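Student: Please see the structure below; I have some questions.
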Amino acid sequence: MKLPGPDHPITIAASPKRVRVLYEGHLIADTPRALVLREASYPAVIYIPREDAAMAFLARTTHSSHCPYKGDAAYYNIVRDGRFAENAVWSYEDPYPAMAAIKDHLAFYPNQVEIEEVDMPGENIRDIVEHTDSGSGNSQGEHWAPNVDGPK
């Protein structure tokens, strides 16, 4: 086991965007809780919580790999509509302690699936109020009286 450090940095952060994974046009995963792992000079990898993936379309394989920083990875095929993408998904089911954040998460090879990052509306409360309406097409901000007095 190796620890990330200045010579091999690894960071894990919450994605600021909603992430959707599609295989052959079918939604396989959709989450606002994705993690982005950046490791040394490698491209960033998005990890999706298992509970936000359609596990019924994933079949575990016998393939595995080892990373001295993360641990042993298990692999899954995507099986959908009689088609499959071999070893297209991996997961560190028991990662080393420094990488515990990616436990119970899945990563997808971007050459096997389509990964979409979507801006999440409601970044602030004003967006939520202005984009929520009663069905009349009018913003709440336009027809609701304020419930507090403004500055005098």
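The values are calculated or read from the model by the stated rules, or taken from the named source; none is laboratory data. Since the model is a prediction, treat every value here as computed from it, not as a measurement. Ideal geometry is used to build each Cβ from the backbone, glycine not excepted, and the neighbour counts take in all protein chains shown. For the accessible areas, the whole protein counts, side chains as well, though only heavy atoms, and no ligand, DNA or RNA atoms are used. Shrake-Rupley method; radii C 1.70, N 1.55, O 1.52, S 1.80 Å.
Student: Extension gain residue 86-residue 62, at 0.36 nm per residue separation less the Cα-Cα distance, in nm?
Tutor: Values: separation 24, 0.36 × 24 = 8.64 nm, distance 1.11 nm.
Answer, rounded to one decimal: 7.5 nm.
Student: If you don't mind, another one. In nanometres, what is the gap between the two model label sites at residue 114 and residue 13, each 7 Å from Cα along Cα-to-Cβ?
Tutor: Distance between the two pseudo-spin positions: 2.8 nm.
Student: Just the number please: accessible area per residue for region 54-104, 1.4 Å probe, all protein chains included, in Å².
Tutor: On the way: 2680 Å² over 51 residues.
The answer is 53 Å² per residue.
Student: May I ask for the distance between the Cα centers of region 1-47 and region 57-127, given as a whole number of Å?
Tutor: What the calculation gives is 8 Å, centre to centre.
Student: Name the trypsin sites (Lys or Arg not before Pro) in region 2-34 that are in a loop by DSSP and that have at most 14 other C-beta atoms within 10 Å, would you? Working shown, then result.
Tutor: On the way: sites: 2, 17, 18, 20, 33; in loops: 2, 17, 33.
Loop-located and lightly packed - 2, 33.
Student: Report Rg(Cα)/(2.2 N^0.38 Å) for region 11-98, keeping two decimals. List each step's numbers first, then the result.
Tutor: On the way: Rg = 13.5 Å, N = 88, 2.2 N^0.38 = 12.1 Å.
In units of the 2.2 N^0.38 Å rule of thumb, it is 1.12.
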